[in-house]
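Values in this text are rule-based calculations from the coordinates and carry no lab data. Model, not experiment: these values are computed from the prediction. Cβ atoms come from the backbone with ideal geometry, glycine included; neighbour counts cover every protein chain shown.
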Amino acid sequence: MNYDRVRSIDPDAADALAGELSRQRSTLSMIASENHVSEAVLEAQSSVLTNKYAEGYPGARYYAGCEYADEIETLAIERAKALWGADHVNVQPHSGTQANQAVYFTILEPGDKILSLDLDHGGHLSHGHTANFTGQLYEVAGYQVDPETGYIDYEALDERAREFEPDVIVSGYSAYPRTVEWERIQETADAVGAYHLADIAHITGLVAAGVHPSPVGVADFVTGSTHKTIRAGRGGIVMCDEEFADDIDRSVFPGGQGGPLMHNVAGKAVGFGEALDPAFEGYAAQVVANARALGDRLTEHGLSLVSGGTDTHLVLVDLRESHPDVSGGDAEDALHEAGIVLNGNTVPDETRSPFDPSGIRAGTPGLTARGFEESEMETVADLIVRVLDAFEDGEADPEVVSAVGDEVDALCTDHPLYE
Ligand code: DSN
């Protein structure tokens with residue numbers, strides 16, 4: 001993989017592209033929402049379909065010359081149906097947020113009510129945050145995790161729903177490490193006459209592989225992204241029953257988007273095809289086993305995990321007990337310096353700020369794609385703790401950071417990426 005053609009006309013852009021390739025090769029990507037796609041998906045995403053306008057849907061486009069766009073989109077749709085078992089799938093959303101937007105546009109009017117998990121308890125901006133269109137167009141109330149257990153407080157959710165009478169309850173989260181009980185939320189939605197949107201953006205691949213229960217067939221709408229635990233390149237999807245199919249399609253295009261990004265749809269087709277291979281189940285199971293190994297080892301070192309562990313691809317560490325003088329932001333910076341790339345994250349009942357929160361979130365999809373297994377995740381946990389323990393007066397000892405960086409280099413060399 002090189003960027004010679006770019007370099008011949010644009011050395012600055014080539015430097016940035018080559019720099020990013022080198023960064024991914026030489027660091028441990030542990031941002032829970034990121035992954036490394038296969039070279040086949042990369043090739044599909046950088047294909048000539050980037051040149052094609054294809055407003056509409058297969059067989060009913062607003063432009064000529066869409067025969068291959070139709071083929072690739074149909075492949076993506078059929079493969080998605082096989083992976084998740086939904087009646088109807090729209091593969092055009094540019095991202096998970098655009099997938100959620102399509103659902104809101106289908107079922108809500110401005111001023112209608114959304115009930116969703118608070119952002120600092122693991123929710124997502126597109127579930128009703130004031131900085132997002134959802135918080136500006138709709139009335140939003142929050143539910144929370146139980147402060148004692150870190151698990152969703154389903155009883156409190158039910159009570160809140162009965163008081164607030166939402167039009168939609170949103171489940172599915174961006175920093176929640178535990179299995180979601182879709183049926184319990186559906187019972188509440190039924191009791192209050194609300195729709196149920198399950199946003200499985202983070203766990204799309206885990207659900208496809210059957211290592212997390214599926215909300216398909218339970219919730220009215222299921223949205224997801226295609227680049228986190230499933231390795232199909234950037235984008236979103238919406239799934240629903242046949243009864244909402246036409247409305248969802250109209251809400252995606254022309255309601256919320258223009259022409260689909262057909263090169264991304266091609267990436268989805270190829271990535272979904274890869275996920276239909278039985279080997280993908282092994283990958284997804286390893287993602288979870290790796291997250292558990294990481295979490296267990298961090299706990300052995302005295303770190304506190306929100307909910308005490310994980311059932312998914314991520315762990316959320318609350319640093320307040322073990323490292324009260326280290327903020328999530330400072331931890332993120334020092335670990336980044338050592339080549340471990342994760343993010344500072346808010347924790348339930350956050351006492352700092354979203355810009356410099358009290359926790360760190362770490363995920364295993366990317367390292368698992370590079371072939372890491374449990375024993376190496378334990379080594380990674382040891383490295384993370386060495387950096388956290390090296391803090392004094394708000395700064396990590398540079399010698400420790402550098403020594404950890406050398407060990408990160410060795411791990412990366414053992415697990416080459418895009419050779
Ligand atoms: N930005 C993603 C995450 O990190 O969870 C969600 O959109």
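Projecting the Cα atoms of LEU83, PRO348, CYS66 onto the charge dipole of the chain (Cβ charges, centred on the Cα centre) puts CYS66 farthest toward the positive pole. How many percent of the alpha carbon pairs in region 25-102 exceed a separation of 15 Å? Percentage above 15 Å: 70. For region 11-60 versus region 117-179, the inter-centroid distance based on Cα atoms is 32 Å.
Residues considered: PRO254, PRO93, PRO365. Largest GNM mean-square fluctuation over the chain, using C-alpha springs under 10 Å, is found at PRO254.
What is the diffusion coefficient of region 156-260 in µm²/s, taking the Kirkwood radius over Cα pairs and the Stokes-Einstein relation at 37 °C with a viscosity of 0.692 mPa s?
Using the Kirkwood radius from Cα pairs, D works out to 224 µm²/s.
Pairwise Cα distances in region 194-349 exceed 28 Å for 35 percent of all pairs.
Taken about its Cα centre, the chain carries a charge dipole of about 1240 debye when Lys and Arg each add +1 at the Cβ and Asp and Glu each add -1 at the Cβ.
For region 311-392, the list of chymotrypsin sites (Phe, Trp or Tyr not before Pro) that fall in a loop by DSSP and count at most 13 other C-beta atoms within 10 angstrom reads PHE355. For the chain, modelled as a GNM whose springs connect Cα atoms under 10 angstrom apart, the maximal fluctuation among THR179, THR351, THR27 occurs at THR351.
Just so you know, the Rg over Rh for region 272-361 is 1.06, from Cα atoms, with Rh as the Kirkwood radius.
Semi-axes, largest first, in whole Å: what does sqrt of 5 times each Cα gyration tensor eigenvalue give for region 343-419?
Listed largest to smallest, the semi-axes of region 343-419 are 25, 18, 10 Å.
Across GLY271, GLY65, GLY363, mean-square fluctuation computed from a Gaussian network of the chain (C-alpha pairs under 10 Å connected) peaks at GLY65. Rounded to the nearest 20 debye, the dipole size of region 307-389 about its Cα centre is 200 debye, using +1 on the Cβ of Lys and Arg and -1 on the Cβ of Asp and Glu. Considering every alpha-carbon pair of region 162-211, the percent of pairs per 10 Å bin, from zero through the bin containing the longest distance, is 25, 49, 24, 3. Looking at region 82-132, the pairs of alpha carbons with a distance over 12 Å make up 72% of the total. With the largest listed first and rounded to whole Å, the semi-axes of the equivalent ellipsoid of region 281-419 from the Cα gyration tensor are 23, 19, 12.
Compute the Rg/Rh shape ratio of the chain: radius of gyration over Kirkwood radius, all on alpha-carbon atoms.
Taking Rg over the Kirkwood Rh, I get 0.97.
Which of rounded, prolate, oblate describes region 20-66, given a ≥ b ≥ c as roots of the alpha-carbon gyration tensor eigenvalues and a/c under 1.5 marking rounded, otherwise prolate only if a/b is larger than b/c? Since a/c reaches 1.5 and a/b is larger than b/c, the shape of region 20-66 is classed as prolate.
Need one word for region 111-167: rounded, prolate or oblate. Basis is the Cα gyration tensor (sqrt eigenvalues a ≥ b ≥ c); a/c below 1.5 gives rounded, then a/b vs b/c decides.
oblate
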